[in-house]
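Visitor: Questions regarding the structure given below will be posed in turn.
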Amino acid sequence: METVVSGIRSTGKLHLGNYYGAVQNFVKMQHEYNCYFFIADYHSLTTHPTPDDLHGNVKQVLIEYLAAGIDPEKATIYVQSDVPQIAELYLFLNMNAYMGELERSTSFKDKVRSQPDNVNAGLLTYPVLMAADILIHKATKVPVGKDQEQHLEMARTFGNRFNRLYNTEYFPESFAFSFSDKLVKVPGLDGKGKMGKSEGEANAVYLSDSVEVIRKKVMRAVSDSGPTEENQPKPEPIQNLFDLMKIVSSTDTYTHFDELYNKCQIRYGDFKKQLAEDMIIATEPVREKINAIAADTEYLSKVAKIGAEKARESASKTIREVREIIGFRSF
Ligand code: ADP
Ligand code: TRP
């Protein structure tokens with residue numbers, strides 16, 4: 001059976017981008033593959049070196065994974081830092097990752113721009129740690145959103161380079177995966193670009209947001225004064241809201257508003273109200289489980305403990321073999 005690995009950084013609660021771009025695929029994949037889903041707390045230190053509540057953030061992602069329907073009986077759910085073998089593989093891979101290629105990564109360049117006072121080596125080698133996450137279980141499929149494609153290409157580069165250097169065929173190649181034919185990109189509410197945690201509180205709708213907060217955020221989403229010509233192309237803020245509607249609403253609803261737009265009869269108030277209600281319905285099953293799961297600390301510890309054990313078992317096998325391939329021997 002093919003192995004799947006994916007993770008989300010533990011920088012706080014999950015938004016609809018995380019949910020539709022990644023977690024929904026996790027939930028579907030757990031029935032068909034050998035799945036490892038983790039919480040990337042090492043990675044979170046690249047942008048948040050001294051988090052106020054590291055453990056609380058990890059716990060929040062764990063709760064939301066479970067609320068979204070990842071079943072710890074089917075998939076292995078674990079916290080990255082519970083598996084130190086990942087850090088060891090990261091060290092080995094770092095020896096064969098080159099400055100030039102790391103500096104060219106778009107996510108690194110973005111971070112240099114967004115956090116100029118903290119361009120640390122962890123940021124530079126972020127894709128190496130991500131490759132270690134994937135290679136540690138010899139995964140072939142990685143459910144992620146579109147923004148992670150370049151990182152996966154780098155993971156293939158590092159795995160293939162290891163194979164070439166040590167004259168082995170040890171690591172398989174891994175590819176981004178989505179059940180829909182294209183990788184998903186969920187737009188934000190601020191009229192430009194994707195939904196993300198770093199783009200400000202109002203841009204993202206969180207799985208843990210209350211119904212009232214969702215309504216308020218959607219009603220305040222950036223739009224414009226409306227179309228003036230029939231069938232005119234949609235400017236980015238409007239296209240983004242339609243893209244969101246395509247994700248959460250029925251085809252009929254989408255077509256209805258699309259036709260109104262094309263006939264210049266759309267009223268954005270009605271459009272947004274419908275979008276908010278459909279978003280609320282689409283996320284209801286997750287929202288209603290979050291509080292109950294959060295209250296059950298015993299269950300959370302059990303899930304994390306069992307997950308860590310299973311992940312360490314697979315990871316220590318890989319590390320044993322990798323050490324052997326490189327040439328480490330014990331006396
Ligand atoms: P953020 O961008 O908010 O910091 P992460 O980088 O932690 O979120 O992303 C975790 C996962 O969620 C990744 O698989 C990523 O591809 C996916 N993801 C994040 N934002 C989006 C989005 N707007 N659309 C689609 N997928 C997304
Ligand atoms: N870089 C990913 C993100 O920001 C998170 C991540 C870390 C990841 N390691 C991974 C995703 C391994 C898939 C596989 O979204």
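The values are calculated or read from the model by the stated rules, or taken from the named source; none is laboratory data. Note that the coordinates shown come from a computational prediction; the quantities given were computed from them, not determined experimentally. Neighbour counts run over all protein chains shown; Cβ positions are idealised from the backbone, glycine included. These accessible areas exclude ligands, DNA and RNA; they are computed on the full protein's heavy atoms, side chains included. Shrake-Rupley method; radii C 1.70, N 1.55, O 1.52, S 1.80 Å.
Visitor: Return only the number of the condition from (1) aliphatic (A, V, I, L, M); (2) assigned to a helix (DSSP H, G or I); (3) open to solvent by 40 Å² or more (accessible area, probe 1.4 Å) that Val119 does not satisfy.
Guide: The single condition Val119 does not satisfy is (2).
Visitor: Would you please name the residue that is modelled with the highest pLDDT, looking only at residues in segment 184-204 that are more than 27 Å from Asn262 (Cα to Cα) and of a type outside the set (Gly, Ala, Ser)?
Guide: Top of the filtered list is Lys197.
Visitor: Which of the residues belonging to segment 123-140 are more than 12 Å from Ala155 (Cα to Cα) and open to solvent by 20 Å² or more (accessible area, probe 1.4 Å)?
Guide: Selection gives Leu124 alone.
Visitor: Going through segment 26-35 one residue at a time, which ones are open to solvent by less than 10 Å² (accessible area, probe 1.4 Å) and under 25 Å from Asp209 (Cβ atoms)?
Guide: Phe26
Visitor: While we're here: Kindly indicate which of Leu123, Leu45, Leu91, Leu62 is under 15 Å from the mean Cα position of the chain (by Cα) and either charged (D, E, K, R) or at pLDDT 95 or above (or both).
Guide: Leu62
Each row is one residue, and each column tells you yes or no for (1) hydrophobic (A, V, I, L, M, F, W, C); (2) without any contact (Cβ under 8 Å) to a residue 60 or more places away in the chain; (3) open to solvent by less than 40 Å² (accessible area, probe 1.4 Å); (4) not in a helix (DSSP H, G or I).
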position	(1), (2), (3), (4)
Val213	yes, yes, no, no
Lys217	no, yes, yes, no
Pro233	no, yes, no, yes
Met245	yes, yes, yes, no
Ala276	yes, no, yes, no
Glu284	no, yes, no, no
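Visitor: Out of all the residues in segment 133-186, which are more than 12 Å from ligand 2 (Cβ to nearest atom), more than 18 Å from Glu32 (Cα to Cα) and among the charged types (D, E, K, R)?
Guide: If the condition is that a residue be more than 12 Å from ligand 2 (Cβ to nearest atom), more than 18 Å from Glu32 (Cα to Cα) and among the charged types (D, E, K, R), then Glu153, Arg156, Arg161, Arg164, Glu169, Glu173, Lys182, Lys185 are the ones that fit.
Visitor: State all residues of segment 88-107 that are of a type in the set (A, V, I, L, M, F, W, C) and open to solvent by 40 Å² or more (accessible area, probe 1.4 Å); if no residue qualifies, say none.
Guide: Within segment 88-107, Leu91, Met95, Met99 meet the criteria.
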